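Participant: Below you will find the structure I want to go over with you.
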Amino acid sequence: MSVQLPPLRLTGATTLRDGEMQQRSVGIAHGRITKGPLPAVDLSGYYILPGIIDLHGDAFERHIAPRPSAPFPIETGLRATDRDAATNGVTTAWMAQSWSWEGGRRGPDFAETFLDAVDHYRPQMATDLRVQIRCETHTVTTRERLLRAIQRFGIDYVIFNNHLEEALFQAHAKPEELAHWAKNSGRSVQQHLALVDAARDQSKDVPRYLCKLAEAFDQLGVIYGSHDDPDGDTRETFSLIGAKVCEFPTTRAPAALAKAVNDPVLMGAPNIVRGGSQSGNISAMELVEGSLCDALVSDYYYPALAHAAFHIADQGVLPLEKAWNLISRNPARIMRLSDRGEIDYGKRADLTIVHKLTRAIEATISNGHITHLSGEAAHRFMSGEQTALPLAAE
């Protein structure tokens with residue numbers, strides 16, 4: 001369990017408020033940003049920034065199965081993911097769980113088991129961990145099952161994927177990659193190809209399936225979009241059925257079309273930090289420079305989020321306050337979360353506290369709870385003017 005902060009004021013830091021970096025204190029009481037005289041903690045030499053909001057991450061997979069053949073209990077993986085996110089300044093995160101014809105840890109059986117585990121772990125969460133369903137387009141026969149799971153577990157975010165074309169390409173051009181894919185899924189190449197063929201047989205029913213899901217999502221208030229759009233036509237098709245979020249477009253065209261119709265574009269923060277896509281797709285920095293990217297996500301690596309924001313500022317592409325919006329304010333607005341993403345009176349006390357010189361995240365506060373505390377910041381919190389900081393969990 002995380003530690004609930006007593007009412008206090010964080011002073012001396014450079015704080016992102018009202019869209020600007022300011023020398024301004026931050027009051028916290030009962031999990032919210034507040035005002036008034038309170039015991040103080042001096043955070044001179046630090047940035048106080050809105051807590052990071054991650055809209056798509058699959059780092060949880062390696063905590064559950066560090067190797068494909070070495071799975072661990074899901075609760076163990078969730079606890080590790082929780083701490084991983086908090087250590088890297090994340091206060092709200094969507095874990096991207098597949099719902100796919102591929103089966104194994106990407107199939108509906110595992111997805112339901114995972115959702116149930118998340119539900120049971122929720123009372124222990126330090127970070128606000130949620131689940132994004134990555135729904136493969138060729139899962140026509142699972143519609144009612146998917147909708148039941150979404151309603152039962154309160155899923156608020158779905159992204160449509162289509163890995164079928166990739167599988168068909170591998171079958172003919174890269175059989176060694178197909179064999180690796182099959183092995184990781186715990187089946188033979190022949191068994192995997194049989195699943196590919198069965199998925200392909202659903203193709204004529206996919207458009208109607210997606211439209212029916214879109215209609216249901218609208219009724220349920222689920223936000224939805226598409227992943228890896230290769231061209232403008234694909235993005236336009238998804239946008240027309242209501243799948244507005246454009247996640248990881250592989251070229252400039254779908255991103256440009258999305259922005260033309262005010263659909264949000266998401267790119268991976270590792271793409272920014274590493275200087276390009278590890279898959280050979282378009283550079284995220286190119287889209288940021290062209291005002292074609294609304295938010296950055298962790299993808300597979302939580303540390304990349306803060307690193308990307310500072311890198312964008314260092315390169316002079318955006319000032320830090322606007323770069324940080326890509327991982328805080330903008331994601332909150334995309335997901336219609338009016339209570340977070342900014343430091344303002346009455347909003348959740350979700351804060352990422354960064355050492356100015358080292359840029360190490362030394363403290364994370366989520367809903368007024370300390371979820372990560374280290375370094376000099378730990379000393380400041382424990383020995384400041386206020387002395388009522390509890391040393392044990394609630």
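Every number here is computed from the coordinates shown, using simple stated rules; none is lab data. Computed from a predicted structure; not experimentally measured. Because the Cβ atoms are built from the backbone with ideal geometry, glycine has one as well, and the counts that use them run over all protein chains shown.
Participant: Give the residue from Ser226, Leu147, Leu287 lying farthest towards the positive end of the charge dipole for the chain; charges sit on Cβ (+1 for Lys and Arg, -1 for Asp and Glu) and the dipole is referred to the Cα centre.
Facilitator: Value: Leu147.
Participant: Choose one answer from Leu257, Leu337, Leu305: the residue with the largest mean-square fluctuation in a GNM of the chain with alpha-carbon springs under 10 Å.
Facilitator: Leu337
Participant: Given labels modelled 7 Å from the Cα in the Cβ direction, how far is it in nm from Leu193 to Arg67?
Facilitator: 2.9
Participant: With charges set only on the Cβ (+1 for Lys and Arg, -1 for Asp and Glu), what does the dipole of the chain come to about its Cα centre, in debye to the nearest 20?
Facilitator: Dipole of the chain, to the nearest 20 debye: 580 debye.
Participant: Another question, then. Cα centroids of the range 214-283 and the range 98-135: how far apart, whole angstrom?
Facilitator: One Cα centre to the other: 22 Å.
Participant: Please report Asp339, Asp82, Asp229 as a ranked list, fewest other C-beta atoms within 10 angstrom at the top and most at the bottom.
Facilitator: Asp339, Asp82, Asp229
Participant: So, one more: Convert each backbone phi in the range 346-363 into a coupling constant with the Karplus relation 6.51 cos²θ - 1.76 cosθ + 1.60 (shift: θ = phi - 60°), then list the ³J(HN,Hα) values in order as whole Hz, x for Gly and Pro.
Facilitator: Here the 3J(HN,Hα) series is x, 7, 4, 7, 10, 9, 10, 10, 10, 5, 4, 7, 8, 6, 6, 7, 9, 8 Hz.
Participant: So for the pair Asp18, Lys204, with labels modelled 7 Å out along Cα→Cβ, what separation do we get in nm?
Facilitator: 6.3
Participant: What number, in percent, do you get for the relative contact order of the range 212-302 if the mean sequence gap of Cα pairs under 8 Å and at least 6 apart is divided by its residue count?
Facilitator: 22
Participant: Taking 41 Å as R0, compute the FRET efficiency from the Cβ-Cβ separation of Lys356 and Gln278 and round it to 0.05.
Facilitator: For Lys356 and Gln278, the calculated efficiency is 0.85.
Participant: Could you tally the net charge around Val317, taking each other residue with its Cβ under 14 Å from the Cβ of Val317, Lys/Arg +1 and Asp/Glu -1?
Facilitator: Here the charged neighbours net out to -3.
Participant: If you take every DSSP beta bridge whose two residues both sit in the chain, what share of them, in percent to the nearest 5, is antiparallel?
Facilitator: Antiparallel bridges: around 45 percent, rounded to the nearest 5.
Participant: Based on the Cβ-Cβ distance of Gln124 and Gln151, what FRET efficiency does E = 1/(1 + (r/R0)^6) give at R0 = 25 Å, to the nearest 0.05?
Facilitator: 0.60
Participant: Taking 0.36 nm per residue of separation and subtracting the Cα-Cα distance, what length does fully extending Val261 through Leu240 add?
Facilitator: 6.5 nm
Participant: Express the relative contact order of the range 52-334 as a whole percentage, based on alpha carbon pairs under 8 Å and six or more residues apart in sequence.
Facilitator: Relative contact order here is 16 percent.
Participant: If you place +1 on the Cβ of every Lys and Arg and -1 on the Cβ of every Asp and Glu, how big does the dipole about the Cα centre of the range 182-295 come out, in debye to the nearest 20?
Facilitator: 360
Participant: So, one more: Rounded to the nearest Å, what's the spacing between the alpha carbon centres of the range 289-330 and the range 194-208? Just the number, please.
Facilitator: With the range 289-330 and the range 194-208 each reduced to a Cα centre, they are spaced 38 Å.
Participant: Taking other Cβ within 10 Å of each residue's Cβ, how do Arg62, Arg148, Arg380 sort, fewest first?
Facilitator: Arg148, Arg62, Arg380
Participant: How do Cys293, Cys246 rank when sorted from fewest to most other Cβ atoms within 10 Å of their own Cβ?
Facilitator: Cys293, Cys246
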